[in-house]
Amino acid sequence: QSQTSPQHSDRARKTLSSQAKGMAGDPGVGSGKAASANKETPISTSDDTAGNDVSGVVAFSGSTAWDLMGRNALPRQLVLEGRASGGGQELLRPVLLQGALQTGQDSTFDTLRKVRRVIAGPVSTHALVISSDHEVFIWGRNEHGQLGFPDMMRRNLPSKLVDRHGKAYRCKDAACGRNHTLLVTREGLVYAMGSNKSGQLGIGSLTQEFVSTPYKVSFPQETRISAVSAGGEFSVALDEEGGLWSWGHPEHGQLGHGTEGSYFEKGNKLAFNFEAKPRKVQALNNHKVLAVCCGVNHTVILDDQGQVWTQGFGGYGRLGHGVPKDELLPKKVESLQRGKGAVKIACGSTCTYVLTVSGQTMMFGQTKRTGEANMYPKPIHDLHGWNVRAISCGPTSTLVAADESVISWGPSPTYGELGYGDSAAKSSTKPKLVESLEGMHVLEVTVGLCFAVILIRCSSADDVAKLRTLPFLQEFEIELDDKKGPTKKRKASSNPSATKARGKKSAESSA
């Protein structure tokens with residue numbers, strides 16, 4: 001990948017920090033030099049999305065009040081059962097994660113486990129990482145069993161996922177939905193855990209509302225899965241032959257089977273026929289799919305011709321067709337053709353990002369709770385001239401890894417996921433540099449409901465020197481207090497200040 005010149009970096013820094021015009025297609029002021037054509041492999045098309053076995057270490061920013069995310073109060077039943085706590089804090093700048101990722105007794109950089117993938121979902125309240133040796137470490141909310149630990153208790157720091165014999169799951173991909181998790185093993189098998197209320201686990205039955213340990217999902221014989229993605233209450237998988245499979249909640253046509261599966265029950269109550277097991281998306285049989293990603297209620301697909309297809313909920317323009325119309329079958333985004341073919345795709349809750357062959361970063365949909373939406377793809381002019389390698393969006397917050405920088409933006413309320421530190425405003429509607437990560441080579445970013453997880457390269461002495469400037473997140477800094485909620489217990493060296501984490505409402509809880 002081409003690197004940006006120091007002159008361009010300075011110019012871009014000035015643009016992002018003082019004059020950025022935002023991302024809704026307004027003319028940008030910091031054009032820089034034109035980006036070279038991006039020849040990278042699309043997102044989630046191989047074992048090594050983070051880049052050919054390049055590994056790094058994990059940083060985290062945002063809320064750690066897992067049980068309060070998206071809520072004004074803790075569920076009473078969970079409190080009575082001792083399975084929920086208001087504990088947690090807002091980490092306003094990126095901190096290095098430990099937990100089971102620490103391979104030694106001392107809290108030093110040299111004992112941090114190396115990681116190849118970081119994974120969350122736009123409305124997930126949990127996250128996971130895949131280590132360089134393909135082991136899975138997962139943490140966050142667990143009240144539906146989405147972490148795969150049968151005690152149904154939350155984990156504050158990454159914890160190793162093992163089967164009942166103590167053997168580690170070795171995976172090449174994974175996905176986090178609102179309350180469920182998908183795993184893809186190195187052999188191409190899929191395991192699922194968490195809520196199954198809408199059939200999103202794909203286990204063939206709706207009688208089990210949740211599964212608290214990884215359960216194998218059945219596909220036709222000889223089908224091997226290479227990648228997965230998860231929406232709010234549905235799932236999709238990509239097989240090694242380029243075929244697409246989907247299951248779970250069919251509302252809005254997000255599964256791509258030509259129906260939203262709705263009907264009226266007795267009393268004129270709307271109900272749905274959930275897809276309880278994987279079903280192939282027949283409309284794409286003549287196309288080889290390279291990548292797929294999901295928002296809360298929409299699906300975006302990239303084929304081997306650089307064509308982008310979308311399906312599901314059309315509200316706020318997230319499908320890119322110029323009209324707020326649901327699509328029950330995959331529909332090609334025509335405006336992304338004619339020399340603007342795609343090489344990468346990413347979904348937020350209510351938006352879609354596309355990186356084109358020419359190096360442009362396009363957005364359609366909405367990343368704000370109010371205001372205008374992009375009904376069709378428009379370029380983000382403030383990213384012109386940057387070599388974008390990764391992009392992720394939650395309900396409203398966006399993180400971009402480009403050159404040796406991380407750029408972020410998102411309207412209030414935010415919870416530290418943008419990473420600006422405790423001496424700056426927590427939110428910004430305009431793209432802004434994350435100063436504490438400046439000069440670091442970030443391989444991958446992922447944004448959840450109120451947090452962000454960042455994978456930072458660690459392959460040279462220079463990388464290590466820069467990483468040593470980041471503080472560690474210690475277990476004792478997450479105090480659990482059911483009555484008072486999150487409090488500041490004590491500070492580690494260089495640690496961000498602790499503040500009360502408030503619940504963020506899901507962008508489409510009633511979509």
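General observations
- Sites VAL323 and ARG369, calculated FRET efficiency, Cβ-Cβ separation with R0 22 Å, nearest 0.05: 0.55
- Computed FRET value (nearest 0.05) for LYS167 with ASN286, which takes r as the C-beta separation and R₀ as 51 Å: 0.80
- A DSSP coil position with no more than 15 other Cβ atoms inside 10 Å describes the following GluC sites (Glu not before Pro) in the range 299-376: GLU372.
- Ranked by solvent-accessible area (1.4 Å probe, protein heavy atoms only, all chains present), the residues SER460, SER226 order from largest to smallest as SER460, SER226.
- Relative packing of peptides 66-76, 136-146 - highest average C-beta neighbours within 10 Å first: 136-146, 66-76
- Highest to lowest packing among 418-424, 160-166, scored as the average C-beta count within 10 Å: 418-424, 160-166
- Using a Förster distance of 56 Å, the FRET efficiency for GLN221-SER423 (Cβ separation, nearest 0.05): 0.45
- Taking only the C-alpha atoms of the range 280-363, Rg followed by Dmax gives 11.6, 32 Å.
- Stretched out straight at 0.36 nm per residue, the stretch from LEU206 to VAL357 would grow longer than its current Cα-Cα span by 50.1 nm.
- Packing rank of 263-275, 297-309, where each peptide gets the mean count of other beta carbons within 10 Å, highest leading: 297-309, 263-275
- Cross-link pairs exceeding 20 Å between alpha carbons, from the set LYS277/LYS331; LYS368/LYS432; LYS368/LYS426; LYS280/LYS378; LYS368/LYS430: LYS277/LYS331; LYS280/LYS378.
- Backbone N atoms of the range 162-194 closer than 12 Å to the 7 Å Cα→Cβ label point of THR213 belong to residues 162-167.
The values are calculated or read from the model by the stated rules, or taken from the named source; none is laboratory data. Computed from a predicted structure; not experimentally measured. When we count neighbours, we look across all protein chains shown, and the Cβ atoms used for this are built from the backbone with ideal geometry, even at glycine. For the accessible areas, the whole protein counts, side chains as well, though only heavy atoms, and no ligand, DNA or RNA atoms are used. Shrake-Rupley method; radii C 1.70, N 1.55, O 1.52, S 1.80 Å.
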